[in-house]
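Below: one structure in structure tokens.
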Amino acid sequence: MDYREALLLRAARETGLLDAVTTDAGTPEEVAEATGVTERAARVVLDAMAELGYLQPVDGEYEPTNRALGFLATADVRSIGHAPLTLDSVEFWLQLPETMRTGDPPDLHDDWTDHYVGGMAARDEADVRAVVTAAVRRNPDAERVLDVGGGPGLTSTEFARRGLDVTLLDRPDVVDIDRDLLAGEPVELVAGDATDDLPGGFDLVFCSRVAHALGPGGTRALVANAYDALNPGGSLVLTDFVRGRAEDAALFGAHVFAMNGQGETYTEAQFTDWLADAGFEDVEIRDVPGVSDQIIAGRRPRN
């Protein structure tokens, strides 16, 4: 999604046009009356949204397509997709000057968690399989895996399909969504904060695209807690955008900072030091073919 599409959708959302056209207003005249925008503005924006595939003309009116489902009230976050999260990200960037001045994160709206989980649920399946395969190869004999910050459970269910006993840990608001989303899946759900404490007795601790949101202190705490959560000989596997290896990693770090006022991306040296300080051995950082981020891994000594 380029900046024009994102800002168009933001304008449609901010004026109420997006809500109107996805509920009960189908013509430019009806949208203008419902929102207070001019008829010309309504027509221009509706035409652009149709060209982008969010709307389709039917019998003289505009109707939402499947691509617009994420902007409708939905009980299934898997229908949300990336677009609402992208719009939220635009808001974070617009508020970045204030975040830079104060150090305070921007306020989150009521639907933020749904949008976040929905965006994560749209992750490419091949990407999920690739990172899970890389993690399993670090400890092929693993039986129990802790998926830290597992979000909608894509990696958790992939681990479970490969015969592992899986526990997913995430924030309470995410776990509340997962109770319905993962109903029937052989995944145990635990609400918690990975920077405070983790349950123990695992052969593999896996954490995908979470470290960049925690800040240096939070990431260091996560790594130390993962060490304590592992059985002797167990492995920690993180995936993240390593600065100096992943494309635009520093820019992505700025994006995360805009989102929460503390996140950023880290270098190989930082990750290596944090794992070594926690006591991990055989630390490695490597690329995974077809995946944009890197694997950061280490093993807890057997003795």
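What are the residues in the stretch 129-147 that are surrounded by fewer than 18 Cβ atoms within 10 Å (Cβ to Cβ) and either of a type in the set (Val, Ile, Thr) or outside the structural domain of ILE295 (by TED's automatic domain parsing) (or both), if any?
Within the stretch 129-147, THR133 is the sole residue that qualifies.
Tell me, yes or no, whether the stretch 96-103 has at least one residue that is aliphatic (A, V, I, L, M), in contact with a helix residue (DSSP H, G or I) (Cβ under 9 Å, 6 or more places away or on another chain) and surrounded by fewer than 19 Cβ atoms within 10 Å (Cβ to Cβ).
Checking the stretch 96-103: at least one residue is aliphatic (A, V, I, L, M), in contact with a helix residue (DSSP H, G or I) (Cβ under 9 Å, 6 or more places away or on another chain) and surrounded by fewer than 19 Cβ atoms within 10 Å (Cβ to Cβ).
Go through the stretch 267-291 and give me each residue that's more than 21 Å from THR155 (Cβ to Cβ) and in contact with a Ser or Thr (Cβ under 9 Å, 6 or more places away or on another chain).
Scanning the stretch 267-291 gives GLN270, TRP274, ASP282, VAL283.
Go through the stretch 28-79 and count every residue that is of a type in the set (Val, Ile, Thr) and buried (at least 17 other Cβ atoms within 10 Å of the Cβ).
The qualifying residues number 5.
Now for a different question. On the basis of being crowded, with 16+ Cβ neighbours inside 10 Å and over 20 Å from TRP274 (Cα atoms), does LEU214 make the cut?
Judged against the criteria, LEU214 is not a match.
Let me ask something additional. Here's a check for you: in the stretch 280-303, which residue that is among the β-branched types (Val, Ile, Thr) and assigned to a strand (DSSP E or B) is surrounded by the most Cβ atoms within 10 Å (Cβ to Cβ)?
Across the stretch 280-303, the extreme among qualifying residues is ILE296.
Among ARG162, ARG123, ARG144, ARG137, which is the only one that is basic (Lys, Arg) and either touching a strand residue (DSSP E or B) at 6+ places or on another chain (Cβ under 6 Å) or in contact (Cβ under 8 Å) with a residue 40 or more places away in the chain (or both)?
ARG144
I would also like to ask the following. Looking at the structure I just gave you, is GLY233 touching a residue at least 40 places away in the same chain (Cβ under 8 Å) and out of contact with any helix residue (DSSP H, G or I) (no Cβ under 8 Å at 6 or more places or on another chain)?
Criteria met by GLY233.
Do we find that LEU87 is surrounded by fewer than 19 Cβ atoms within 10 Å (Cβ to Cβ) and within 24 Å of TYR3 (Cβ to Cβ) in this structure?
When the stated conditions are applied, LEU87 does not pass them.
What residue, among those in the stretch 104-114 that are without any contact (Cβ under 8 Å) to a residue 60 or more places away in the chain and surrounded by fewer than 14 Cβ atoms within 10 Å (Cβ to Cβ), is farthest from ARG13 (Cα to Cα)?
Residue satisfying both the conditions and the ranking: ASP107.
Next question, about the same structure. Of all residues being touching an Asp or Glu at 6+ places or on another chain (Cβ under 8 Å) and in contact (Cβ under 8 Å) with a residue 40 or more places away in the chain in the stretch 1-48, which is nearest to LEU72 (Cα to Cα)? Just the residue, please.
Looking at residues that are touching an Asp or Glu at 6+ places or on another chain (Cβ under 8 Å) and in contact (Cβ under 8 Å) with a residue 40 or more places away in the chain, I get ARG13.
Related question: Which of (1) on the phi > 0 side of the Ramachandran plot; (2) over 16 Å from the mean Cα position of the chain (by Cα) is the odd one out, the single condition GLY81 does not satisfy?
Condition not satisfied by GLY81: (2).
The values are calculated or read from the model by the stated rules, or taken from the named source; none is laboratory data. No experiment lies behind these values; they were computed from the predicted model shown. Here Cβ is always computed from backbone atoms with ideal geometry, including for glycine, and neighbour counts include all displayed protein chains.
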